[in-house]
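A.B. asks: My questions will all concern the structure given below.
The values are calculated or read from the model by the stated rules, or taken from the named source; none is laboratory data. The structure displayed is predicted, hence computed values, not measured ones. With ideal geometry, Cβ positions are generated from the backbone for all residues, glycine too; neighbour counts draw on all protein chains shown. Quick note on the areas: whole protein, heavy atoms, side chains included, nothing else; ligands and nucleic acids left out. Shrake-Rupley method; radii C 1.70, N 1.55, O 1.52, S 1.80 Å.
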Amino acid sequence: MSRVGKMPVTVPQGVEVAITADQITVKGSSGSLVRKLHPLVAVTNDAGKLSFTPANDSAEADSMSGTMRALVANMVGGVSKGFEK
């Protein structure tokens, strides 16, 4: 499994995450972001921690779990902290 994909994403207070069958929505004080989920990655929300697991043992599923984790972590940071230069 991907090293990046193993780390859970912590959802800070004031940020709401909604997971449906094909997309994830993150809402916070700075707005709302929506991203389509990859079919090879399963996302679960366990008490404010988002976990990303590959759907099968293929290399593509493993790499996509890390990619989806990084994208969603950036979404959470974007709606909570916003952009900083």
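A.B. asks: Quickly run through the range 1-19 and pick out the residues that are open to solvent by 40 Å² or more (accessible area, probe 1.4 Å) and either in contact (Cβ under 8 Å) with a residue 12 or more places away in the chain or in a strand (DSSP E or B) (or both).
C.D. replies: Matches in the range 1-19: Met1, Arg3, Val4, Met7, Pro8, Thr10, Pro12, Gly14, Glu16, Ala18, Ile19.
A.B. asks: Select, from Ala70, Ala55, the only residue that is free of Cβ contacts under 8 Å to residues at least 24 places away in the same chain and either surrounded by 19 or more Cβ atoms within 10 Å (Cβ to Cβ) or among the aliphatic types (A, V, I, L, M) (or both).
C.D. replies: Only one candidate qualifies: Ala55.
A.B. asks: Go through (1) open to solvent by less than 50 Å² (accessible area, probe 1.4 Å); (2) in contact with a strand residue (DSSP E or B) (Cβ under 6 Å, 6 or more places away or on another chain) for Val34 and report which single condition fails.
C.D. replies: (1)
A.B. asks: Based on this model, can you work out whether Ala42 counts as over 14 Å from the mean Cα position of the chain (by Cα), of a type outside the set (Asp, Glu) and either open to solvent by 40 Å² or more (accessible area, probe 1.4 Å) or at pLDDT 95 or above (or both)?
C.D. replies: So Ala42 does not fit the description; no.
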